[in-house]
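Below: the structure, in structure tokens.
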Amino acid sequence: MPGIRWFLTAAILITCVATQAQMGPSLDGEWGPVVSWPYEVTHASLLANGKVLVWPPYNLGDNARVWDPTTNTFVVSPKAGYNIFCTGHTHLADGRVLVTGGQIGAVLYGVPNASIYDPTTDTWTRLPDMQSPRWYPTNTALANGDILVTSGQIDPVRGINGLPQIWQAATSTWQDLSSAQLIVPLYPRMFLAPNGKVFYAGEAPQSRYLDTTGTGQWSLVAKSNMNRDYGSAIQYGDGKILIVGGGNPPTATAEVIDLNAPTPAWRLVGSMAYPRRQLNATLLPNGQVLVTGGTSGKGFNDLTSPVFPAELWDPISENWTTLASQTGYRGYHSVALLLPDATVLAAGGDRNLSTAQIFSPPYLFNGPRPVISSAATAVGYGSTFTVGTSNSASITQVTWLRLGSVTHAFNQDQRFNNLIFTATSSTQLKVTAPANPNLAPPGYYMMFLINSAGVPSVARFIHLNAKNNTPLPVALAPSSIFMPNTAIGTQSASDTASFTNNQKVPLNISNIAVSGDFLQTNTCTSPISAGTSCTFTITFTPTAIGLRSGTITITDSATNSPQVLNLAGNGVGAATTSVTSHNFYKIAVGTSASYRLYLLNNQTLPLNITSLTATGAYSQTNHCVSPLAGGQYCDITVTFVPTAVGLISGVLTITDDAKNSPQTVALSGTGK
């Protein structure tokens, strides 16, 4: 037996040595040391100067700083003037960062604010407010350089904002997509598609297109296999989307869809080695996707089931490779961002994880890096440009990636494009920029050269110039307005639209017609001089409950006459409850169950509350102080205590001085 024991020991040793030989940075990548940062980072945007704009969560939100990866130093940025935690953010075509929404007070309460951060001046500029507050919205860059904003919670009472809006950069106005109102989950995974529409990839299984022209329209596309709550989604090629992880309990599965197909459909690809939610998914220069962090445990953010190993998805094999493990858990509120040197920043995470760590993917250990010696700083769509490099024959791939902007398990701005190129000499490449802005919205990109060993260069920042669009002879900005919810028979606050004569001759207006429950006044005196503008001021007085629509039609001497301003708004009762009925279902006799609802004063005037009563086996307590100020709400808690077996009905009645008084909520429950 000693000979057998020696043989087995030797075999084990040989196996261990062979296994160790297969491991190492060239296969697994390498994590750098954990470094201390000034605070936990929850939002991060790569800037066109190679630095990173970051800011923290919760009540510290308005404390942005700019981090320099080359020196690992921070510069304190001026304050935005409000809490920019839980915002949406993406890059404008000129490299500035548009930040939408935010938080006021406690979580779940949004703000209508929007601001632009300018990295060249290190300044914040406040923009006109959005139509309603947003907390957890998504920003999506469009082909013309405008930014679509979707979703975001208003507050716990009014729920999620269903009105998509577009920030029109040229006119600094908000365009309301009033025909496209739809409640989609917070921080929706949205992508500009090859057909010019915006694709909703999740987290909910039903994916959709949003047509952003006119007043907007949603259409169904395909269903994925599951709800991917706090999973991630990535555009890894032209019209190609990967969704991965998420769910509760978390899944290890991944799915892809090709929007170029005649009938796009989701299909499952290789699964990760580890189920995870609260993960980050980062595009790499070669088109692979790096997944880091997250938890494999049930619940919202289970810190007891961390996933430390990174995983790498290959778009060719559609399978995953497990890489080196990070130090410590990074999940909810963490970020991951591709840096210009092709490493990946991982930072933040609840609770108060004020550290960062850099991951060097395996490609950085496979030999010398290509060097970009010269390149254009700005190019146009479909143009060719020269790139200098020491060994052009070794280059097998030229790619560029839009600058990342990441928060809450989703990068709202990263995109990947393979560029066509040829070697024109031993030291030069001729590279062609994308011709279609639906595949590469205008803005800044990181261009990488990748050699035959798969090693990427350090990036060069290149600006993809927006296409020059000839302005309309006469233009309305915006051309669609959604008015705030307004009580029937009362007049809303006003909104405005500008009317601009872009011609070189005066404009003669022959008629202005208004339809629907809307009124307008204007400063437009005919003729309107060439190159000048006037203003329409609109108010809304709904005559019925529900969606009300109308138009302002302007007839004039321009070739694009008439111009139409689309109007819409919701008529609501003067006072309403957040629900009109509630079922407690089965409750044991002698025990109790409670439910909280809200009374909303939709008027501008105070609401004088006379009484709140509940009948049957139901009672109520409330925090409704009379008078309830205009636009405010209060909470009412209804308690059900069944005294007998069987169905028990009741009514909550609120009496006040609103025209639609009393407001009632039907109550039901079953004693068991």
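Observations
- Here PRO340 fits the description: at pLDDT 95 or above, open to solvent by less than 50 Å² (accessible area, probe 1.4 Å) and not hydroxyl-bearing (Ser, Thr, Tyr).
- Pairs with Cβ under 9 Å, 6+ apart, first in segment 628-645 and more than 30 Å from LEU605 (Cβ to Cβ) and of a type in the set (Gly, Ala, Ser), second open to solvent by less than 30 Å² (accessible area, probe 1.4 Å) and assigned to a strand (DSSP E or B): ALA644/GLY671
- Single condition SER360 does not satisfy, out of (1) open to solvent by 10 Å² or more (accessible area, probe 1.4 Å); (2) under 30 Å from GLU203 (Cβ atoms); (3) of a type outside the set (Val, Ile, Thr): (2)
- Candidate set from segment 80-130 (those that are in contact with a Leu (Cβ under 6 Å, 6 or more places away or on another chain) and assigned to a loop (DSSP other than H, G, I, E, B)); member that is surrounded by the most Cβ atoms within 10 Å (Cβ to Cβ): LEU92
- Checking each residue in segment 485-511 for being touching a strand residue (DSSP E or B) at 6+ places or on another chain (Cβ under 8 Å) and open to solvent by 50 Å² or more (accessible area, probe 1.4 Å) picks out ASN485, ILE488, GLN491, ALA493, SER494, ASP495, THR496, ASN502, PRO506, ASN508, SER510, ASN511.
Residues are listed down the side, and each one gets a yes or a no for (1) of a type outside the set (Val, Ile, Thr); (2) closer than 28 Å to LYS672 by Cβ; (3) part of a loop (DSSP other than H, G, I, E, B):
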position	(1), (2), (3)
SER561	yes, no, yes
LEU567	yes, no, no
THR591	no, yes, yes
LEU597	yes, yes, no
GLN603	yes, no, yes
GLN620	yes, yes, no
THR639	no, yes, no
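- Members of segment 248-265 found to be buried (at least 20 other Cβ atoms within 10 Å of the Cβ) and of a type outside the set (A, V, I, L, M, F, W, C), listed by number: PRO250, THR251, THR253, GLU255
- Looking only at residues in segment 443-454 that are in contact (Cβ under 8 Å) with a residue 60 or more places away in the chain and buried (at least 21 other Cβ atoms within 10 Å of the Cβ), the one that is farthest from GLY237 (Cα to Cα) is ASN451.
- Among all positions in segment 429-442, there is at least one residue which is open to solvent by 10 Å² or more (accessible area, probe 1.4 Å), in contact with a Ser or Thr (Cβ under 8 Å, 6 or more places away or on another chain) and more than 30 Å from ALA558 (Cβ to Cβ).
- Meets criteria (open to solvent by less than 50 Å² (accessible area, probe 1.4 Å) and either of a type in the set (Lys, Arg) or touching a strand residue (DSSP E or B) at 6+ places or on another chain (Cβ under 9 Å) (or both)) for ALA477: yes
- Condition met for THR535 (loosely packed, with under 14 Cβ neighbours inside 10 Å, more than 34 Å from the chain's Cα centre (by Cα) and at pLDDT 95 or above): no
- In the set (1) assigned to a loop (DSSP other than H, G, I, E, B); (2) in contact (Cβ under 8 Å) with a residue 40 or more places away in the chain; (3) open to solvent by 10 Å² or more (accessible area, probe 1.4 Å); (4) farther than 25 Å from GLN278 by Cα, SER26 fails one condition alone, (1).
- Matching residues in segment 643-672 - criterion: being over 30 Å from GLY630 (Cβ atoms) and basic (Lys, Arg): LYS672
- Residues (within 21 Å of the chain's Cα centre (by Cα) and in a loop (DSSP other than H, G, I, E, B)) located in segment 292-348: GLY293, GLY294, PHE300, ASN301, ARG330, GLY331, TYR332, HIS333, LEU339
- All positions within segment 578-599 that are open to solvent by 20 Å² or more (accessible area, probe 1.4 Å), over 16 Å from GLY671 (Cα atoms) and in contact (Cβ under 8 Å) with a residue 60 or more places away in the chain: SER578, VAL579, THR580, SER581, TYR598
- Exactly one residue out of ILE166, ILE241 is within 19 Å of HIS91 (Cα to Cα), part of a strand (DSSP E or B), of a type in the set (Val, Ile, Thr) and open to solvent by less than 40 Å² (accessible area, probe 1.4 Å): that is ILE166.
- Restricted to segment 145-163, and to residues there that are modelled with pLDDT under 95 and in a loop (DSSP other than H, G, I, E, B), the residue that is least open to solvent (accessible area, probe 1.4 Å) is VAL157.
- Within the set VAL398, VAL458, the sole residue that is at pLDDT 95 or above and in a strand (DSSP E or B) turns out to be VAL398.
- Breaking point among (1) closer than 30 Å to GLY489 by Cα; (2) part of a loop (DSSP other than H, G, I, E, B); (3) open to solvent by less than 60 Å² (accessible area, probe 1.4 Å); (4) out of contact with any Leu (no Cβ under 8 Å at 6 or more places or on another chain), for CYS624: (4)
A quick yes/no check of all residues on (1) over 30 Å from GLY152 (Cβ atoms); (2) open to solvent by less than 70 Å² (accessible area, probe 1.4 Å):
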| position | (1), (2) |
| --- | --- |
| GLY367 | yes, yes |
| SER390 | yes, no |
| ARG402 | no, yes |
| ASN411 | no, yes |
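- When THR377 is tested against (1) buried (at least 20 other Cβ atoms within 10 Å of the Cβ); (2) within 35 Å of the chain's Cα centre (by Cα); (3) of a type in the set (Ser, Thr, Tyr), only condition (1) is not met.
- For beta carbons closer than 9 Å, sequence separation of 6+ or different chains, a first residue in segment 94-123 that is closer than 21 Å to GLY145 by Cβ and a second that is basic (Lys, Arg) and surrounded by fewer than 17 Cβ atoms within 10 Å (Cβ to Cβ), the qualifying pairs are ALA114/ARG126; SER115/ARG126; ILE116/ARG126.
- Selection of segment 489-546 for residues being at positive phi and not in a loop (DSSP other than H, G, I, E, B) yields only GLY546.
- Evaluation of PRO275 against the conditions (1) free of Cβ contacts under 8 Å to residues at least 40 places away in the same chain; (2) within 29 Å of PRO437 (Cβ to Cβ) shows that the sole unmet condition is (2).
- A count restricted to segment 207-228 and to residues that are assigned to a strand (DSSP E or B) and farther than 28 Å from SER296 by Cα stands at 9.
The values are calculated or read from the model by the stated rules, or taken from the named source; none is laboratory data. Note that this is a predicted model, so its numbers are computed, not measured. Here the Cβ is made from the backbone with ideal geometry for all residues, glycine too, and neighbour counts use every protein chain on show. Ligands, DNA and RNA are stripped out before the accessible areas are found, and what is left, the full protein with its side chains, is counted by its heavy atoms. Shrake-Rupley method; radii C 1.70, N 1.55, O 1.52, S 1.80 Å.
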